[in-house]
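Enquirer: Sharing a structure, written as structure tokens. Questions coming.
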Amino acid sequence: MTSYTAPLRDMRFALYELADFATVTALPGCGEVTQGLVDPILEAGGVFCAEVLAPINRSGDEEGCHFENGVVRTPAGFREAYAAFCRDGWPALHADPAYGGQGLPKTVSLMFEEMICSANLSFGMYPGLSHGAYEALRAHGTPDLQQLYLPKLVSGEWSGTMCLTEPQCGTDLGLLRTRAEPAEDGSFRVTGTKIFISAGEHDLTGNILHLVLARLPGAPAGVRGISLFLVPKFVPAEDGRPGVRNAVAAGAIEHKMGIKASSTCVMNFDGAQGWIVGQPHRGLTAMFTMMNAARLSVGIQGLGVAEVSYQNAVAYARDRLQGRALGGVARPDLPADPILVHPDVRRMLLTMRAGVEGCRALGVRVAVAQDIAMSHADADVRAEADDYVALMTPIVKAYFTDMGWEATVLGMQVLGGHGYIREHGMEQFVRDARIAQIYEGTNGIQALDLVGRKMSAHAGRYLRRFFHPVSAYIEAKQGQPALAEFVDPLAKAFVRLQQATAALAAKGIADPFEAGAAASDYLRLFALVALAQLWAEAAEISVGKTEDFYRAKLATARFFMAKILPQSSSLFSTIMAGGGSLKEFEDGLF
Amino acid sequence: MTKGGVVKTIGVIGAGVMGAGIAAQAANAGLGVVLLDIVPGAAARAIATMARAEPAAFMHSRAARLITPGDLGADIGKLAACDWIIDAIVERPDAKRALYAQLQAVRKPGSIVSSNTSTIKLATLTEGLGADFAADFLISHFFNPPRYMRLLELVAGPTTRPDAVEAVRACCDVQLGKTVIDCRDTPGFIANRIGSLWAGMAVRHAIDLGLTVEEADAVMGRPLGIPRTGIFGLMDLVGIDLGPHVAKSLLASLPANDAYCRLYREEPLVARMIAEGRIGRKGKGGFYSRAPDKSRLSIDLATGEYRKQREARLASLETRKPADLADHPDIGGRYARAVLLDTLGYAASLVPEIAGDIASVDAAMRLGYNWKYGPFELIDQLGAGWLARALAADGRAVPGLLALVGDRPFYRVDSGKLQAFGVDGAYKDVPRADGVLLLEDIKRAGKPLARNAGASLWDIGDGVACLEFHTKMNALDQDVLAMVGRAVGMGAKGAFKALVIYNDGEQFSVGANIGIALFAANIAAWGDIEGAIAAGQQAMLALRNAPFPVVGAPAGMALGGGCEVLLHCAAVVASAETYIGLVEVGVGLVPGWGGCATMLARWSAAPRLPRGPMPAMSKVFEIISTAQVSKSAAEARELLLLRDSDGISMNRDRLLADARARALAMVADYAPPPSAKLRLPGPTGATALRMAVDGFVAMGRATAYDAVVGSELAVVLSGGDTDHTVEIDEDAVRTLERAAFMALLKKPGTLARIEHMLENGRPLRN
């Protein structure tokens, strides 16, 4: 049986000490968002996740969702938990007060998202999808649609979905076939089959709002001919309550490796009534406006699962007695030493810890930029923040979820054979974490996004938002003896990243295959440098402080610089080796 | 280099757009010109109009003074001094013949008379004027605008004196800078005969197939390049009313069974536009126009009404090769195929009727209609056999020449020489005039002495090498700089005795590759950038200090780093159409490859300035801070971007040979120029310049960021921490250039300017 305690101290460190929280507070509408307001919310969130969501995580995994005659039943306890979730107002955290939201910035809600993902990733899928639908409607829906649907999404009374994938089209949405025919009343009739639809059908809410990508008659082929439609499960009646059942139904649910309590459906649209959201043929653009937020959230899933796996691995390593420390007996009072004394166990735990804390810090930094991009008063500042978010989004999504998967595997390994036993719960984290590397754009696609689009955009302007601050930081801090052990490795890794970037930009123009072949390694190198800067900053804050928290921070920073960051060297070699060995292997020999 | 020929003074009669333009170009060549018009005062007014024309008709303000205006009635006697008299009056045979009869009374013996008629046959013009006149008469057909269009169609009559033909040919070629194409005496000669049919078909098929003007122009413009503007863009540019004039004349003079007469159709839309004064850019808009709110409009070909301009999106536009385009099944492909079948089939049927060889036809269409490829070059891309079969499949006659060539190409390369298919069925070398040296011929015939991705080094004969840039827009990057270094090294070891820097590109060089610089700046690769500037300075100094003469031979734009290359050459022979400038401030930078240092040295030594350290600095600051670009080689001399000793070649095709001759003339006893010593005012000078810029900012004539850039430039040009009592080496200015360049490149204002230039092709005014 696993346990979970929200890492509030480190969250506060990331929010108030490492991030520029004052900037967030200074944003229009965020004047009240002070530490005094945020701390109690996070504390309450931690309690809710630990006491309500965590206890039904393993049972939900064991039971899974049930599908009968088009109806999906969530596992025991989910309905009650969801009702409590709504009753406490959690769905409204990061939503517009105009629709009943609490108007908290993404920076804050992200911390709560992480807690949900630690406590119960499956459960988190339902409100997560609803929030995505909320963002799309809020950005692109007509005022009528917004008035009708947004308050229900914000309260959690109704939930939402994102219907993109079809049997023949996943990553390549240009192949999409679902069609939408205009009806006389100005609405549309949507027909087609969508697969892998999370929260497509369930018993948690009174209505489900599907956001569906489909083609209008005569639409151009490819991604430029896709429009976005809102298709409610029940068409709201005059009084706003769920009315007529629409012609959309789940045909089946998928049997998955993990997140089993999340209902993943095949959705059949059979002339279902829908309303267009945004401009005709501009559906992908509408979807992409929330892509950055969605990808950041998926990154946080990796972080959340890694955190809970770490907590439980540490607890086990303290208790489990096996063998003696290599340097001599550590606990003569016990029949054997706790496995925490063994170097390889320490390596695993510190790797997890450094990954989790570093990613948390980076996640907050990107979330701050998202908040600035959304609501800063100065358009230039908004644009710069937007560049940074665009650049860092694929890095957060891919690196965090890779880290999440690797950390949960390590967490399971710390438990040895017991980690492999279902009752201990560690293998569920591994299975749950795995999907985050795949959906919302596979990590390979994220890497291509980084080298193909983000790197070259505006002759590298997005890159400036990262490289200039890091360069300035190194310039400012180099030569300070107390920081040398952090800043010097950062400076070295940064030069590697610069060289790799310049080489890749030059090669990529001549031969896109070369850029593609290096993409995943490059993304990882980039992420390591971003984390290294945050670790250097964290160390700078912690130097000379005596509290355990700071001593641990400084020690983790040292571990990162000594044991994780050197990967940048091998990644650099891999990148510079080029794509020849990938290209030359004949297709027939696979 | 302008050489003296038989023709020293030219008379032009008729001060319309063509006559005045021809007069202006003759003046540009330094010839004396008499310009007469039948309307009193019209010639003088035309000269004034030419002086304001955009694009400029005169290469230099002084050129206008070489033209003597007059009234035909009162001043016809002034033509007595002219070696060559050009008729550019109204296109009426009777009026022209009456004029010629008048000329017979005044012109000097041995003088030549030619007509600029575009459609009237020579035989018609000489009717009844006697053998003496006919011996001195020919047709010289210029294209509009005469300064810029390189084609000259020349038609000699059966009795025209050969020496008269050669005198006009030489004058047009060497002095006026034209490519002279011999034509047969047929209506419309070459370019208008084919071009007029093409234009008619391009309009007709667009309307019949239901393309938008944007789609039609994109199909003609992008994959085919005949011309880049497309058909409707071209008609707006030259005037929509021009086409029907030419058509009327052709219809009147061509036999009824000529394909032109069979395919021609009057377009009601075009007639209506002309009637409403919507004749293009010189009228109230044309196929394209602007709404009162300045938004772009274009015409709906079906209704004739304006609507918002929309981007052409056709799958066929993704094709790169004409053959793929013509085979594409969509509306763009069908359009291209229809227009190409008509146009190329017609062109193939006209040889040898209108010209003796296909190369003349191709050259005429390239130079007279700005086609990227001539009709026979296009046929080769499609395949002659393909065209013949397509015509046959369409039930049309296959032209004899097309049948004769079969599946072979019209052009081939044999033993390194370009050959064209002749009407006799044999391939013959494409001839080049004496004094014409084309790099493309040298490249066809051999391998480079050295080559990398950005530049190549060629042996152009007589022991002279040619350094050719071949990057996109001939932007200068690390490869180009490396080749500069390599060339100097090879020359120093005796691989050649002189170097010419020349390329066939439309632009000599648009300067340093700012895309690479911006990317490097974006990733904070400051060390690399500093290294690159230093390397650039070293490469420029290597050119200047080379132990053999280096001659720059630019044509088109030579901007920024491209200009700095020329500033470091021992001599320059520039095409007359060279546009030079240090434009770095447009992207928020200062010249960093010795441009500041060299310009200071030149202006400090200029006798036309008052003495003292301030005037030279101020003049250079004025030139660089406003990014002045010369509108001709002649104007570049005014700015000292070229020296008085630098040469100018009127004919682009003669540029390389002229530059080679210049280089060879310098070989004996060559010594590189010494480094210049400068006296600069230091901080007081910088302050003065800054105050001037602040004044411009206050007046709204400069932007806030102009002041930032200007301030850095002021430090460089004032010599940094110096004063006028000290003599400093020009290399000290190079050090300041590097520092200012780096300081600016770290500023967001500069990065925004570079990004804007890359993405929009014009400067950001931040």
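The values are calculated or read from the model by the stated rules, or taken from the named source; none is laboratory data. Remember, it's a predicted structure, so these values are computed and weren't measured experimentally. Ideal geometry is used to build each Cβ from the backbone, glycine not excepted, and the neighbour counts take in all protein chains shown.
Enquirer: Criterion first (surrounded by fewer than 20 Cβ atoms within 10 Å (Cβ to Cβ), of a type outside the set (S, T, Y), outside the structural domain of B:D658 (by TED's automatic domain parsing) and more than 15 Å from B:A312 (Cα to Cα)) does B:G177 satisfy it?
Expert: Judged against the criteria, B:G177 is not a match.
Enquirer: Exactly one of (1) in contact with a helix residue (DSSP H, G or I) (Cβ under 8 Å, 6 or more places away or on another chain); (2) in contact (Cβ under 8 Å) with a residue 40 or more places away in the chain; (3) not charged (D, E, K, R) is unmet by B:A702. Its number?
Expert: (2) is the only condition that B:A702 fails.
Enquirer: Could you say which residue among A:G45, A:G60, A:G29 is closer than 23 Å to A:S130 by Cβ and in a loop (DSSP other than H, G, I, E, B)?
Expert: A:G29
Enquirer: For a quick check of your reading of the model, give me the residue pairs whose first member lies in region A:244-256 and is farther than 16 Å from A:V190 by Cα and touching a residue at least 24 places away in the same chain (Cβ under 8 Å), whose second is aromatic (F, W, Y) and surrounded by 15 or more Cβ atoms within 10 Å (Cβ to Cβ), with beta-carbon atoms closer than 8 Å and at least 6 apart or on different chains.
Expert: Cβ pairs passing all conditions: A:A252/A:F67; A:I253/A:F67; A:E254/A:F196.
Enquirer: If you scan region A:572-583, which residues turn out to be farther than 11 Å from A:A517 by Cβ and without any contact (Cβ under 8 Å) to a residue 60 or more places away in the chain?
Expert: Matches in region A:572-583: A:S573 only.
Enquirer: I've got another one for you. Which members of region B:301-322 meet the condition of being surrounded by 14 or more Cβ atoms within 10 Å (Cβ to Cβ) and in contact (Cβ under 8 Å) with a residue 60 or more places away in the chain?
Expert: B:L301, B:Q309, B:A312, B:L314, B:S316, B:L317, B:T319, B:P322
Enquirer: B:A665 versus (1) surrounded by fewer than 24 Cβ atoms within 10 Å (Cβ to Cβ); (2) in contact with a helix residue (DSSP H, G or I) (Cβ under 8 Å, 6 or more places away or on another chain): which is the lone unmet condition?
Expert: (2)
Enquirer: Take the conditions without any contact (Cβ under 8 Å) to a residue 24 or more places away in the chain and assigned to a loop (DSSP other than H, G, I, E, B) and apply them to B:P158. Does it pass?
Expert: So B:P158 fits the description; yes.
Enquirer: Also: Within region B:491-535, take every residue that is of a type in the set (F, W, Y) and away from chain A (no Cβ under 14 Å) and give me the one that is surrounded by the most Cβ atoms within 10 Å (Cβ to Cβ).
Expert: Restricting to residues being of a type in the set (F, W, Y) and away from chain A (no Cβ under 14 Å), the top hit is B:F508.
Enquirer: Out of all the residues in region A:451-464, which are of a type in the set (D, E, K, R) and more than 9 Å from every other protein chain (Cβ to nearest Cβ)?
Expert: A:R453, A:K454
Enquirer: What are the residues in region B:292-351 that are within 14 Å of chain A (Cβ to nearest Cβ), of a type in the set (A, V, I, L, M, F, W, C) and under 29 Å from the mean Cα position of the chain (by Cα), if any?
Expert: Selection gives B:A312, B:L317.
Enquirer: Considering region B:1-51 alone, what residues qualify as being outside any strand (DSSP E or B), of a type outside the set (A, V, I, L, M, F, W, C) and under 17 Å from B:L103 (Cβ atoms)?
Expert: B:G14, B:G19
Enquirer: Is there any pair linking a residue in region B:613-626 that is assigned to a helix (DSSP H, G or I) to one that is charged (D, E, K, R) and buried (at least 24 other Cβ atoms within 10 Å of the Cβ), with Cβ under 9 Å and at least six apart or on different chains, and which?
Expert: Between residues of region B:613-626 that are assigned to a helix (DSSP H, G or I) and residues that are charged (D, E, K, R) and buried (at least 24 other Cβ atoms within 10 Å of the Cβ), the close pairs are B:I624/B:E584.
Enquirer: Given the residues B:I207, B:I240, which is the only one that is part of a loop (DSSP other than H, G, I, E, B) and either outside the structural domain of B:R337 (by TED's automatic domain parsing) or β-branched (V, I, T) (or both)?
Expert: B:I240
Enquirer: Still on this model: Taking the residues in region A:412-428 that are in a helix (DSSP H, G or I) and surrounded by fewer than 18 Cβ atoms within 10 Å (Cβ to Cβ) as candidates, determine which candidate is farthest from the other protein chains (Cβ to nearest Cβ).
Expert: A:E423
Enquirer: From the list B:I85, B:I120, exactly one residue is assigned by TED's automatic domain parsing to the domain that holds B:I13, in a strand (DSSP E or B), touching a residue at least 40 places away in the same chain (Cβ under 8 Å) and over 28 Å from B:A633 (Cβ atoms). Which is it?
Expert: Answer to the selection: B:I85.
Enquirer: Of the residues A:G200, A:G192, which is away from every other protein chain (no Cβ under 14 Å) and in a strand (DSSP E or B)?
Expert: One residue alone meets the criteria, A:G192.
Enquirer: Being within 12 Å of chain B (Cβ to nearest Cβ) and free of Cβ contacts under 8 Å to residues at least 24 places away in the same chain is the filter here, so list the residues in region A:478-508 that pass it.
Expert: A:A491, A:V495, A:A502, A:A506
Enquirer: Just the residues that are touching a helix residue (DSSP H, G or I) at 6+ places or on another chain (Cβ under 9 Å), surrounded by 20 or more Cβ atoms within 10 Å (Cβ to Cβ) and of a type outside the set (V, I, T), please, taken from region B:611-635.
Expert: Of everything in region B:611-635, those that are touching a helix residue (DSSP H, G or I) at 6+ places or on another chain (Cβ under 9 Å), surrounded by 20 or more Cβ atoms within 10 Å (Cβ to Cβ) and of a type outside the set (V, I, T) turn out to be B:P613, B:A616, B:M617, B:K619, B:F621, B:S625, B:S630, B:S632, B:A634, B:E635.
Yes/no per residue for (1) in contact with a strand residue (DSSP E or B) (Cβ under 9 Å, 6 or more places away or on another chain); (2) touching a residue at least 60 places away in the same chain (Cβ under 8 Å):
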| residue | (1), (2) |
| --- | --- |
| B:D462 | yes, yes |
| B:E468 | yes, no |
| B:M473 | yes, no |
| B:M483 | yes, no |
| B:A492 | no, no |
| B:A517 | no, yes |
| B:W526 | no, yes |
| B:A534 | no, yes |
| B:A553 | yes, yes |
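Enquirer: Something else about it: Going through region A:184-222 one residue at a time, which ones are closer than 24 Å to A:R138 by Cα and over 25 Å from the mean Cα position of the chain (by Cα)?
Expert: Of everything in region A:184-222, those that are closer than 24 Å to A:R138 by Cα and over 25 Å from the mean Cα position of the chain (by Cα) turn out to be A:D185, A:G186, A:S187, A:F188, A:R189, A:V190, A:G206, A:N207, A:A214, A:R215, A:L216.
Enquirer: Right, next: With the requirement that a residue be among the β-branched types (V, I, T), assigned to a helix (DSSP H, G or I) and surrounded by fewer than 22 Cβ atoms within 10 Å (Cβ to Cβ), what does region A:429-469 give you?
Expert: Listed by number, the list holds a single entry, A:I445.
Enquirer: Just one of the numbered conditions (1) out of contact with any Pro (no Cβ under 9 Å at 6 or more places or on another chain); (2) over 28 Å from B:E584 (Cα atoms); (3) surrounded by fewer than 18 Cβ atoms within 10 Å (Cβ to Cβ); (4) among the aliphatic types (A, V, I, L, M) is not true of B:A482; which one?
Expert: (2)
Enquirer: Being within 20 Å of A:T289 (Cα to Cα) and not in a helix (DSSP H, G or I) is the filter here; which residues of region A:139-166 pass it?
Expert: Once the filter is applied, which keeps residues that are within 20 Å of A:T289 (Cα to Cα) and not in a helix (DSSP H, G or I), region A:139-166 yields A:G141, A:T142, A:S159, A:G160, A:T161, A:M162, A:C163, A:L164, A:T165.
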